Amino acid sequence: MGVKGAFGRWSSYSLVLLCILGIYTTPAVSVKKENFKTCDQSGFCKRNRAYADTVTSTSGFKSPYTLEPASVKFDHGVLSGTVIKSLADGATVRLPLTVALFDSGVARVTLDEEKRKKGEIDLRHGSKARKERYNEAEKWAIVGGTKLSSGAAMKAVGKVATSVVYGPESKFEAIITHSPFAVEFRRDGETQIKFNDKAFMNFEHWRPKVEKPVVEKKEGEEAPPEDTTGEDESTWWDESFGGNTDSKPRGPEAVALDISFPGYEHVFGAAEHTGPLSLKETRGGDRKYSDPYRLYNSDVFEYEMDSPMTLYGSIPFVQAHKKDSTVGVLWLNAAETWIDVTKSTASANPLSLGIGAKTTTNTHWISESGLLDVFVFLGPKPQDVIGAYSELTGYTQLPQHFAIAYHQCRWNYVTDEDVMDVDRKFDKHRIPYDVIWLDIEYTHEKEYFTWDPMTFPDPLTMQKQLDGHERKLVYIIDPHIKNTDNYPVVDELKSKDLATHNKDDNIYEGWCWPGSSHWVDAFNPKAHDWWKTLFRYDKFKGTAKNSWLWNDMNEPSVFNGPETTMPKDNLHHGQWEHRDVHNLNGLTFVNATYNALLARDKEEEKHNVRPFVLTRSFYSGSQRMGAMWTGDNQAIWSHLEASIPMLLSLNIAGFPFAGADVGGFFGNPSKELLTRWYQAGAFYPFFRGHAHIDTRRREPYLAGEPYTGIITQALRLRYSLLPAWYTAFHEASTTGAPIIRPQYYVHPSDDKGFAIDDQFYVGSTGLLAKPVTVEGAESQELYLADKETYYDYFDFWAYEGPGKEKVAAPLNTIPLLMQGGHIIPRRDRPRRSSGLMKWDPFTLVVVIGHSGDAEGTLYLDDGESFDFQEGAYIHRKFAFSTAAGSLQSEDLTTAGTSTSKKVKAYLASMAQVHVEKVIIVGAPSAWQSKAKVQVSETASGSSSSATKDVPFEFVAKDGGKAAYAVVKNPGVAIGAGWKIQF
Ligand SMILES: *[C@@H]1O[C@H](CO)[C@@H](O)[C@H](O)[C@H]1NC(C)=O
């Protein structure tokens, strides 16, 4: 939930009107673009684009950066030296360089500024800011993978270049050219990534402001000529936008670098934006953007489609992909950042244009301040890059099981009675859901950690009713704290001095939902300690153990601030300017909340339970703390359509627990749109319906038939596939693998599929979904990359790949196929909530592939605590072989055979949970006459056990529908070893 805007009420009214008149085509509301800067309005962006233009148009331009050969040292996996920047007047600037090589095969290049490091600069305006360049982004973003490589070695030290070999089997090489300074990364002798190849590198060094004499123009004389000899200083010393002036006490300090990917046609990443997964070019020409991709976390409500404009979160990580090779870079800088993307095509053979032509993608990274700090990933597989990135920034947390089920939200459920009524209505209509949410109106006058006594007089009874069906409550707490009297929270914030300061180093005051507010400075460890105390059950009375958190507005959103956020010259803990840390702000706040919830249950309840927090703003690393959603979208088809590439882009960027508001936040969706959105939402890793305060109520039971029934089916589908989703979350939490997977990730050799971003696979299940996102669609065309059979999920219609296949998609259908070769775990009994499915039996769907085999996994634990870390979990591999005529369940647990009480108790509790059905899709016709199969269960340790006969049913091929067979009630435990012999 975000800014309503002064026109919120009017706009929803006009939407309704237009719908009634039937002339509704384009949204009546859209982002206030003029509130946000273009590159041209952002001094450092404009300067660096101009620099790139000068470089390009100056023949024989020489980049002024040189690595001093004598300064180069190599020690324990780190190369260090000094890069010299030569200025026009002959002076030089010293820039300390490090190139660190890690065991994981990742390389890291950093460049700092010696004078700033030593604090030998003067700040203007008496600023109390730090003098160094910001060097703490790693403290928040990086949690592992930085063990220095002992195998890395200096290969050559020449006059012209120095090179180091590193990585697996020393197949990686970094070649550092001394003059001009440039770095080339090779894998197996082939160039993959180049730094400063285009000479756009620009490190704006500190300099004192030289006041130019003001020449008075005398009566009757010509104006004196402007000084055009120097650089354009107009945006160096201060900068105004939208009535706010940034004081810039350190003057110009941008860092910029061009990073090229020779031979790579596609670049993915740089979330969060609304455009296609494969990034578009940003300079010149038709169908290209005119601005760079911008990363400056902002409250951009009613955002526009297909745009490089910034949104709420930033992940400065991109992957370049070509046939059979993926590489990537992480630009670790938390300041405002812009990325230009251009492509150039050079023909390998000039006489055969087009044939063998190679596209190179060039990226130009521009940050306002901070270090130049780049991590380089050389692949070669998509998972190698995403896995190494995830090892560095942390894996997505394994969420509590309820968190991957359905969430019902609205701004606002207005009373505790209202919440209980909605809860009862879901039950009455037999619609499953797990969590109901409270937006800001539950508070007493927007004071967080309070309940409105008129509307929520008895929150505990409400939470108790929810708990009766294992349901949860999520309430919102934002980082702005109301500046008012008689509010102990703000009193403590002030007296403990834990709020963000303004440029004069006094407490900063701005406007948000409560009116005048202060902002918790979550960069301060003491603020984390204090934040912890506020969530205690005995402090925030009325909260129960089934209540969890939503952190919104943490970009931070400041209604009266520049670009709806904080002034850049505000000061945070450690005297860092807001400018330096802006994109990390949201992460630090969620981190504080996560830790507070951890403490709440651990310290007070001795309950080792996994926190749940949803965030709107994020950075690399936020995935460790919880889920994100794509903010304030609109109830129009284009926003439904864009949600899929947006979520795919997050899934390949290490932040897979992502969702978009189902139904669209602003405006009233048609019933068809709402229905289609639930069908798509059933495939979002984070699945939540949400709506703006000015919209009509739209809980699924209100839609009426056939819509309510169809939406219920979509929800049941999600619930039935929860075992598959939870397994995918487990994989993500251990390897960083995406939960929903784009074509290039699953089929990295199939270049026809690299740009496809409207269909995706779910985890490793082989489920291929392409939700309908256009009005009135009756069918959907899916692209099958491989020579494999894909079966319709619902009726087993068989499609043969490779190629495009048209699948019928009337309103009651979700285009969903099963790729041959997989085994999919399900739980098919309809329940009110996922918590009530804990002891339900499983169905296994064996989808036979071309090879005659199929394989799948299942991960399971208590869905709540951290006991899985001690071994209290079940992890099985199911393997089917036509040749052997058998299906087997094998153990995949790696935690060893822990014999702790907890583990034993968990496994004993699961012994009663069985497989109730096995469905074999694409069953061999030779099974036609079979009436029974043999089932044997192997207790762990022993190798054999008694065999029993179990009934078997075969259903023959019917037109295009594949033959299938069903084993009914094999009676084996889900956690046990067993074998079914056909
Ligand atoms: C939160 O930040 C602190 C301090 O940087 C860090 O020690 C902790 O691991 C972070 N929490 C998570 C869940 O990443």
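From the list ASN595, ASN554, ASN591, ASN583, pick out the single residue that is within 22 Å of the chain's Cα centre (by Cα), in a loop (DSSP other than H, G, I, E, B) and either buried (at least 19 other Cβ atoms within 10 Å of the Cβ) or within 16 Å of the ligand (Cβ to nearest atom) (or both).
On the way: ASN595 fails: in a loop (DSSP other than H, G, I, E, B); ASN591 fails: in a loop (DSSP other than H, G, I, E, B); ASN583 fails: in a loop (DSSP other than H, G, I, E, B).
Answer to the selection: ASN554.
Quick test for you: out of ASP384, ASP427, pick the one residue that is at pLDDT 95 or above, surrounded by fewer than 21 Cβ atoms within 10 Å (Cβ to Cβ) and more than 20 Å from the chain's Cα centre (by Cα).
ASP427
Could you go through the range 366-376 and let me know if any residue there is buried (at least 22 other Cβ atoms within 10 Å of the Cβ), modelled with pLDDT of 95 or more, more than 16 Å from the ligand (Cβ to nearest atom) and within 26 Å of TYR537 (Cβ to Cβ).
The answer is no, given that none of the residues of the range 366-376 is buried (at least 22 other Cβ atoms within 10 Å of the Cβ), modelled with pLDDT of 95 or more, more than 16 Å from the ligand (Cβ to nearest atom) and within 26 Å of TYR537 (Cβ to Cβ).
How many of the residues making up the range 132-149 are free of Cβ contacts under 8 Å to residues at least 60 places away in the same chain and either among the hydrophobic types (A, V, I, L, M, F, W, C) or more than 10 Å from the ligand (Cβ to nearest atom) (or both)?
The total comes to 2.
In the range 77-117, how many residues are among the charged types (D, E, K, R), more than 23 Å from PHE377 (Cβ to Cβ) and either modelled with pLDDT of 95 or more or not assigned by TED's automatic domain parsing to the domain that holds THR146 (or both)? Reasoning before the result, please.
So the first thing to find is which residues in the range 77-117 are among the charged types (D, E, K, R), and the list is 85, 89, 94, 103, 108, 112-117.
Next cut, more than 23 Å from PHE377 (Cβ to Cβ) only: 85, 89, 94, 113-117.
Okay, now just the ones that are also either modelled with pLDDT of 95 or more or not assigned by TED's automatic domain parsing to the domain that holds THR146 (or both), so 85, 94, 113-117.
Counting residues in the range 77-117 that are among the charged types (D, E, K, R), more than 23 Å from PHE377 (Cβ to Cβ) and either modelled with pLDDT of 95 or more or not assigned by TED's automatic domain parsing to the domain that holds THR146 (or both) gives 7.
Specify the residue that is farthest from the ligand (Cβ to nearest atom); the eligible residues are those in the range 598-609 that are surrounded by fewer than 22 Cβ atoms within 10 Å (Cβ to Cβ) and either among the basic types (Lys, Arg) or within 20 Å of ASN483 (Cβ to Cβ) (or both).
Across the range 598-609, the extreme among qualifying residues is LYS606.
If ILE507 passes every condition in (1) among the hydrophobic types (A, V, I, L, M, F, W, C); (2) more than 16 Å from the ligand (Cβ to nearest atom); (3) within 16 Å of ASN595 (Cα to Cα) but one, which one does it miss?
(3)
Step by step: first the residues of the range 466-522, then only those that are more than 25 Å from LYS545 (Cα to Cα) and aromatic (Phe, Trp, Tyr), then the one that is surrounded by the most Cβ atoms within 10 Å (Cβ to Cβ). Which residue is that?
Out of the qualifying residues, it is TRP519.
When the range 915-931 is examined, which residues are found to be among the charged types (D, E, K, R), within 17 Å of PHE880 (Cβ to Cβ) and under 45 Å from the mean Cα position of the chain (by Cα)?
LYS917
Looking at the range 752-766, is at least one residue hydroxyl-bearing (Ser, Thr, Tyr), under 27 Å from ILE476 (Cα atoms) and surrounded by fewer than 22 Cβ atoms within 10 Å (Cβ to Cβ)?
No.
Checking TYR619 against (1) closer than 28 Å to TYR448 by Cβ; (2) assigned to a loop (DSSP other than H, G, I, E, B); (3) touching a strand residue (DSSP E or B) at 6+ places or on another chain (Cβ under 6 Å), which single condition isn't satisfied?
It is condition (3) that TYR619 fails.
Looking at PHE729, is it assigned to a helix (DSSP H, G or I), within 25 Å of the chain's Cα centre (by Cα) and crowded, with 20+ Cβ neighbours inside 10 Å?
Considered against the rule, which asks whether it is assigned to a helix (DSSP H, G or I), within 25 Å of the chain's Cα centre (by Cα) and crowded, with 20+ Cβ neighbours inside 10 Å, PHE729 comes out as yes.
Listed here are the residues, each with its yes/no results for (1) touching a residue at least 12 places away in the same chain (Cβ under 8 Å); (2) within 16 Å of the ligand (Cβ to nearest atom); (3) not in a loop (DSSP other than H, G, I, E, B).
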{"site": "ILE386", "(1), (2), (3)": "yes, no, yes"}
{"site": "TYR395", "(1), (2), (3)": "yes, yes, no"}
{"site": "PRO399", "(1), (2), (3)": "yes, yes, no"}
{"site": "PHE402", "(1), (2), (3)": "yes, no, yes"}
{"site": "HIS407", "(1), (2), (3)": "yes, no, yes"}
{"site": "TYR413", "(1), (2), (3)": "yes, no, no"}
{"site": "VAL422", "(1), (2), (3)": "yes, no, yes"}
{"site": "LEU460", "(1), (2), (3)": "yes, no, yes"}
{"site": "LYS464", "(1), (2), (3)": "yes, no, yes"}
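Quick check: is even one residue across the range 343-351 under 23 Å from the mean Cα position of the chain (by Cα) and outside any loop (DSSP other than H, G, I, E, B)?
No, the range 343-351 contains no residue that is under 23 Å from the mean Cα position of the chain (by Cα) and outside any loop (DSSP other than H, G, I, E, B).
Go through (1) more than 12 Å from the ligand (Cβ to nearest atom); (2) within 23 Å of the chain's Cα centre (by Cα); (3) surrounded by fewer than 23 Cβ atoms within 10 Å (Cβ to Cβ) and name the single condition PRO567 misses.
(2)
Among the residues of the range 908-928, count how many are under 26 Å from TYR790 (Cβ atoms) and among the polar types (S, T, N, Q).
Number satisfying all stated conditions: 2.
Report, by residue number, each residue of the range 805-821 that is within 22 Å of ASP840 (Cβ to Cβ) and more than 27 Å from the chain's Cα centre (by Cα).
Passing the criteria: none in range.
Could you give me the residue pairs with C-beta distances under 7 Å whose first residue belongs to the range 321-332 and is over 15 Å from GLY387 (Cα atoms), whose second residue is small (Gly, Ala, Ser) wherever it lies, and which are 6+ apart or on separate chains?
Matching pairs, first to second residue: LYS322/GLY263; LYS323/SER749; ASP324/SER749; LEU332/ALA137; LEU332/ALA141.
How many residues does the range 820-870 contain that are assigned to a loop (DSSP other than H, G, I, E, B) and among the charged types (D, E, K, R)?
9
Specify which of the listed residues (PHE666, PHE657, PHE618) is of a type outside the set (S, T, N, Q), away from the ligand (no atom under 16 Å from the Cβ) and under 28 Å from ASP306 (Cβ atoms).
Going through PHE666, PHE657, PHE618 in turn, just one is of a type outside the set (S, T, N, Q), away from the ligand (no atom under 16 Å from the Cβ) and under 28 Å from ASP306 (Cβ atoms): PHE666.
Residues ARG624, ARG600: which one is within 25 Å of ALA388 (Cα to Cα) and of a type in the set (Lys, Arg)? So that I can check it myself, show each step before the final result.
Numbers: ARG600 fails: within 25 Å of ALA388 (Cα to Cα).
Checking each option against the conditions leaves just ARG624.
Of all residues in the range 62-82 being hydrophobic (A, V, I, L, M, F, W, C) and more than 16 Å from LYS159 (Cβ to Cβ), which is farthest from the chain's Cα centre (by Cα)? Don't jump to the end; show me each part of the working.
Of the range 62-82, the ones hydrophobic (A, V, I, L, M, F, W, C) are 67, 70, 72, 74, 78-79.
Those left that are additionally more than 16 Å from LYS159 (Cβ to Cβ): 74, 78-79.
Numbers: PHE74: 36, VAL78: 31, LEU79: 32 Å.
So, considering only residues that are hydrophobic (A, V, I, L, M, F, W, C) and more than 16 Å from LYS159 (Cβ to Cβ), the one farthest from the chain's Cα centre (by Cα) is PHE74.
May I ask you to verify whether HIS572 is away from the ligand (no atom under 12 Å from the Cβ), out of contact with any helix residue (DSSP H, G or I) (no Cβ under 9 Å at 6 or more places or on another chain) and farther than 19 Å from HIS401 by Cα?
Answer is no for this residue.
The values are calculated or read from the model by the stated rules, or taken from the named source; none is laboratory data. On a predicted model such as this, the values are computed, not experimentally measured, just so you know. All Cβ positions, even for glycine, are placed from backbone atoms using ideal geometry, and neighbour counts span all protein chains on display.
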